[in-house]
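Undergrad: Here it is: the structure, laid out below.
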Amino acid sequence: MTQYLLSVYQPDGPQPPQDELQKIMADVTVVDQEMRDKGVWVFSGGLHPPATATVVRPQDGDVLLTDGPFTEAKEHLGGFTIVDVPDLDAALEWSRRLAVATTLPIEVRPFQG
């Protein structure tokens, strides 16, 4: 089994209207429960907005702390799920289901080792 990170990218800006957001959250809960029932779910979590981020960067033998995201972009990492599945095809199938539930793009990447 290999662990994969399913990263959810969301556009910067306001959240969807409350009724749309409630449907998205309900759909995500269904996929999350299916992952748990199948025994592939390892961990998942949503993140606060990018403005809450702090970047810690080594610089000249010290570290520099900077408020905000690492890069300015039109989208940001909004949340993630870690699954433990037999192969990339299985990870892609879960990412498809998560993409439909969230209505957002999902990046799939295996962990090393």
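Undergrad: Every residue in the range 104-113 that is out of contact with any Lys or Arg (no Cβ under 9 Å at 6 or more places or on another chain) and either at negative phi or at pLDDT 95 or above (or both), please. Spell out how you get there, then give the answer.
TA: Of the range 104-113, the ones out of contact with any Lys or Arg (no Cβ under 9 Å at 6 or more places or on another chain) are 104-105, 107-113.
Of everything in the range 104-113, those that are out of contact with any Lys or Arg (no Cβ under 9 Å at 6 or more places or on another chain) and either at negative phi or at pLDDT 95 or above (or both) turn out to be Leu104, Pro105, Glu107, Val108, Arg109, Pro110, Phe111, Gln112.
Undergrad: Looking at Ala99 and the list (1) in contact (Cβ under 8 Å) with a residue 12 or more places away in the chain; (2) under 18 Å from Val8 (Cβ atoms), which single condition is not satisfied?
TA: Answer for Ala99: the failing condition is (1).
Undergrad: Given the condition hydrophobic (A, V, I, L, M, F, W, C), at pLDDT 90 or above and out of contact with any helix residue (DSSP H, G or I) (no Cβ under 7 Å at 6 or more places or on another chain), answer yes or no: does some residue in the range 66-80 qualify? Lay out the reasoning, then the answer.
TA: Filtering the range 66-80 down to residues hydrophobic (A, V, I, L, M, F, W, C) leaves 70, 73, 77, 80.
Still in the running and at pLDDT 90 or above: 80.
Checking the rest, the ones that are also out of contact with any helix residue (DSSP H, G or I) (no Cβ under 7 Å at 6 or more places or on another chain) come to 80.
Yes, the conditions are met somewhere in the range 66-80.
Undergrad: Test Ser44 against the stated conditions and say whether it is closer than 18 Å to Ala99 by Cα, in contact (Cβ under 8 Å) with a residue 60 or more places away in the chain and not aliphatic (A, V, I, L, M). Steps first, please.
TA: Numbers: closer than 18 Å to Ala99 by Cα: yes; in contact (Cβ under 8 Å) with a residue 60 or more places away in the chain: no; not aliphatic (A, V, I, L, M): yes.
Against the criterion (closer than 18 Å to Ala99 by Cα, in contact (Cβ under 8 Å) with a residue 60 or more places away in the chain and not aliphatic (A, V, I, L, M)), Ser44 does not qualify.
Undergrad: Here is a follow-up. Filter the range 38-94 down to residues that are part of a strand (DSSP E or B) and among the acidic types (Asp, Glu) and give me whichever is farthest from Gln3 (Cα to Cα). Quick ask: steps written out before the conclusion?
TA: Of the range 38-94, the ones part of a strand (DSSP E or B) are 41-46, 54-59, 62-67, 75-85.
Those still in the list that are among the acidic types (Asp, Glu) too: 62, 67, 75, 84.
Working: Asp62: 34, Asp67: 31, Glu75: 25, Asp84: 4 Å.
Ranking the candidates gives Asp62 first.
The values are calculated or read from the model by the stated rules, or taken from the named source; none is laboratory data. No experiment lies behind these values; they were computed from the predicted model shown. Reconstructed Cβ throughout: ideal geometry from the backbone, glycine too, with neighbour counts over all protein chains shown.
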